[in-house]
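This report concerns only the one structure given below.
Just so it is clear, none of the values below were taken in a lab; they were calculated from the coordinates. Just so it is clear, the model here is predicted, and its values are computed rather than measured. Neighbour counts run over all protein chains shown; Cβ positions are idealised from the backbone, glycine included.
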Amino acid sequence: MNHKQEMGTGLFFLILSLSYLAGSFSISSFDPFGNSPMTSRAIPQLIGGLMAALSVIHIAGNALRLKRPQKDQAAVRETATAGGRRFGFDRSSRLMLFSVLFMCVYIFFFTRLGFILSTAAFLLAEIFLLIPPEKRRRWAAFVLCFSAGLPVLLYLLFTRPLSMFLPVGLLG
């Protein structure tokens with residue numbers, strides 16, 4: 001991708017992270033440890049803040065690269081139109097679009113199916129999307145175990161020692 005596309009990607013994730021951060025303020029605040037900063041809002045707000053900071057760093061880095069003169073404009077134009085596909089989506093763009101689609105589906109089904117089922121399905125879909133097709137068969141058993149085991153482990157961690165509630169959905 002060229003630097004302008006990278007800046008667009010950074011801007012997209014900045015808007016996404018700010019939306020996520022704004023949504024985290026609507027989470028009801030529950031403090032299982034008494035008077036501590038570890039409330040049910042803390043982790044989502046931390047993730048949203050870190051995502052926003054990384055997006056700003058990404059945008060700033062690409063803005064600095066844009067100010068530098070490009071050595072060979074012909075080479076840049078040639079790579080932008082490689083294969084005769086000027087406006088087509090390359091693999092990384094398709095992966096990003098599918099990842100955003102999977103995230104939207106995950107958010108939609110999070111309370112309906114519950115944390116365990118929706119997270120397991122999301123992890124399974126996202127990992128198989130990101131693994132190169134020729135390696136999927138070799139990693140299938142591990143991905144299935146990981147996608148099923150991690151949500152259960154996280155659910156137990158959040159509900160038992162941290163006393164935080166996660167949606168149970170169909171397993172309720």
For N2 and L144, calculate 0.36 nm times their separation in residues minus their Cα-Cα distance, and state this gained length in nm to one decimal. 47.5 nm
In nm, to one decimal, how far is the modelled label at R94 from the one at K67, with both set 7 Å along Cα→Cβ? 3.8
Compute the distance in nm between two label points, each set 7 Å from the Cα along the Cα-to-Cβ direction, one at I57 and one at M103. 1.7
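Tell me, what is the FRET efficiency for L162 and F12 to the nearest 0.05, using R0 = 35 angstrom and their Cβ-Cβ distance as r?
Using R0 = 35 Å, I get an efficiency of 0.65.
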Could you check the simple spin-label distance between R136 and L124, using points 7 Å along Cα→Cβ, in nm with one decimal? 1.4
